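Chemist: The structure is given below, and queries will be raised subsequently.
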Amino acid sequence: MIQRVDNYEEMSRIAAKLFQVAIQKQPGLVLGLATGTTPIGLYDNLVELYRARELDFHFVRTVNLDEYVGLTAAHVQSYRYFMNTHLFDRVNIQRDNTHLPDGMAPDLAVECKRYDEMVDSLGGIDLQLLGIGRNGHIGFNEPADVFSTGTVAVDLTDDTIDANARLFANAGEVPKKAISMGIKTIMLAKKVVLLATADKKDIVEKAFLGPITPRVPASILQAHQNVTVLLAKE
Ligand code: GLP
């Protein structure tokens, strides 16, 4: 299940190839997308394939895993901004076909419900991309007593706030809450690709070789039929 690859570049290239094959096979597929620093190389590779006319995003639909509560789409650390700048603005995807939770929604419970219904209306996710938090979170599903099901509003753990503080002016500016797609929705994706850099080796091994527990949310992926984990050696 864990495929060890030489380095970040190779991980990004192999992942891009998987995405390219999937899109070519099914041009209107639903991609589940992720943010964080890990998938940036994959997105750059997809943009290159698009520019080389080897990939067409015209019919592709996307749903993202998560969004910070309280950040507008124009905020440079919002996940909408991230997706626009790293992928959507650089390829021929139709903006109406790209979906993220709305972190500015006035009622989070209503927004979570809307997001689940939207994913359902697309027929679920064909290919889900994941990173992994250093505490084993996927999306923003933090370690907990039970696995989440549908989209949830979550309180971020101090560990996650600390890990993501590097991207903000200081830890005080990191939102304390986020909206995250639930574990069940992720598990219903037909195929999952998880990318991890070398610094995540220990948590990846804990998640995929240790017991399945909501204390390590990514461990549930052991029960998924079609997961590829690309772990970079350096
Ligand atoms: C954030 C995101 C996750 C991501 C994780 C790891 O918390 N919500 O989806 O996987 O960070 O990010 P990075 O790839 O920067 O280590």
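Chemist: Restricting to bridges with both residues inside the chain, how much of the DSSP beta-bridge set is antiparallel, in percent to the nearest 5?
Modeler: The antiparallel proportion sits near 30 percent.
Chemist: Additional query: Put +1 on the Cβ of each Lys and Arg and -1 on the Cβ of each Asp and Glu in segment 88-234; which of VAL119, ASN135, LEU194 then has its Cα farthest toward the positive end of the dipole?
Modeler: LEU194
Chemist: To continue, here is another question. Sort all Cα-Cα distances of segment 1-105 into consecutive 5 angstrom bins from zero, then give the percent of pairs in each bin up to the one containing the longest distance.
Modeler: Distribution as computed: 2, 12, 22, 25, 18, 12, 7, 2, 0 percent.
Chemist: For segment 94-155, compute the orientation-averaged projected area of the C-alpha convex hull (one quarter of its surface), in nm².
Modeler: Values: hull surface 21.7 nm².
Value for segment 94-155: 5.4 nm².
Chemist: May I ask you to list the trypsin sites (Lys or Arg not before Pro) in segment 138-179 that are in a DSSP loop and have at most 16 other Cβ atoms within 10 Å of their Cβ?
Modeler: LYS176
Chemist: If Rh is defined by the Kirkwood formula over all Cα pairs and Rg also comes from Cα, what ratio Rg/Rh do you get for the chain?
Modeler: Rg divided by Rh gives 0.93.
Chemist: Just tell me which lysines come within less than 19 Å, Cα to Cα, of LYS200; anything on the same chain fewer than 8 places away is out.
Modeler: Output for LYS200: LYS233.
Chemist: Rounded to the nearest percent, how much of the accessible area of the chain (1.4 Å probe, protein heavy atoms only) is carbon and sulfur? Before the final figure, lay out the partial values.
Modeler: On the way: 5470 of 10510 Å².
Carbon-and-sulfur percentage of accessible area, whole number: 52.
Chemist: Another question, if that's okay. Give the peptides 188-199, 218-229 in descending order of average Cβ contacts within 10 Å, highest first.
Modeler: Sorting 188-199, 218-229 by mean packing, highest first, produces 188-199, 218-229.
Chemist: Please list, by residue number, every one of the trypsin sites (Lys or Arg not before Pro) in segment 1-81 that is coil in DSSP and has at most 15 other beta-carbon atoms within 10 Å.
Modeler: Working: sites: ARG4, ARG13, LYS17, LYS25, ARG51, ARG53, ARG61, ARG80; in loops: ARG53.
Passing both the DSSP loop test and the Cβ count: ARG53.
Chemist: What does the convex hull of the Cα atoms of segment 153-216 come to per residue, in Å³, rounded to a whole number?
Modeler: 122 Å³
Chemist: Send over a whole-number figure in Å² for the accessible area per residue of the chain, probe 1.4 Å. Don't jump to the answer; show the numbers that get you there.
Modeler: Values: 10510 Å² over 234 residues.
Normalised by residue count, the accessible surface of the chain is 45 Å².
Chemist: In deg cm²/dmol, rounded to 500, what helix-only [θ] at 222 nm does the chain give when every DSSP H run of at least 4 residues adds -39500 (n - 2.57) and the total is split over its residues?
Modeler: Value at 222 nm, helices only, nearest 500: -9500 deg cm²/dmol.
Chemist: Hey, if you drop one equal point scatterer on each alpha-carbon of segment 44-92 and run the Debye formula without solvent, what base-10 log of I(q)/I(0) do you get at q = 0.14, 0.19 Å⁻¹?
Modeler: Results for segment 44-92 at q = 0.14, 0.19 Å⁻¹ read -0.40, -0.67.
Chemist: In addition: Given a cut-off of 26 Å, what percent of all Cα-Cα pairs of segment 81-214 lie beyond it?
Modeler: Values: 2297 of 8911 pairs.
Looking at segment 81-214, the distances longer than 26 Å represent 26 percent of pairs.
Chemist: So, one more: Among ASN135, ASN64, ASN164, determine the one that fluctuates most according to a GNM of the chain built with springs between C-alpha atoms less than 10 Å apart.
Modeler: ASN164
Chemist: Taking a threshold of 19 Å on the Cα-Cα distance, which of the pairs LYS25/LYS190; LYS113/LYS176; LYS25/LYS191; LYS113/LYS177 fall above it?
Modeler: On the way: LYS25/LYS190 14 Å; LYS113/LYS176 21 Å; LYS25/LYS191 14 Å; LYS113/LYS177 17 Å.
Result: LYS113/LYS176 exceed 19 Å.
Chemist: At R0 = 45 Å, how high is the FRET efficiency between LEU18 and ASP107 if r is their beta carbon distance? Nearest 0.05 is fine.
Modeler: Using R0 = 45 Å, I get an efficiency of 0.75.
Chemist: Let me ask something else. Find how much the distance from ALA52 to ARG134 grows on full extension, using 0.36 nm per residue of separation minus their present alpha carbon separation; answer in nm with one decimal.
Modeler: Between ALA52 and ARG134, full extension yields 26.0 nm more.
The values are calculated or read from the model by the stated rules, or taken from the named source; none is laboratory data. Quantities reported herein were computed from a predicted structural model and do not represent experimental measurements. In this analysis, Cβ positions are derived from the backbone assuming ideal geometry, glycine residues included, and neighbour counts consider all displayed protein chains. SASA here: full protein model, heavy atoms, side chains in, ligands and nucleic acids out. Shrake-Rupley method; radii C 1.70, N 1.55, O 1.52, S 1.80 Å.
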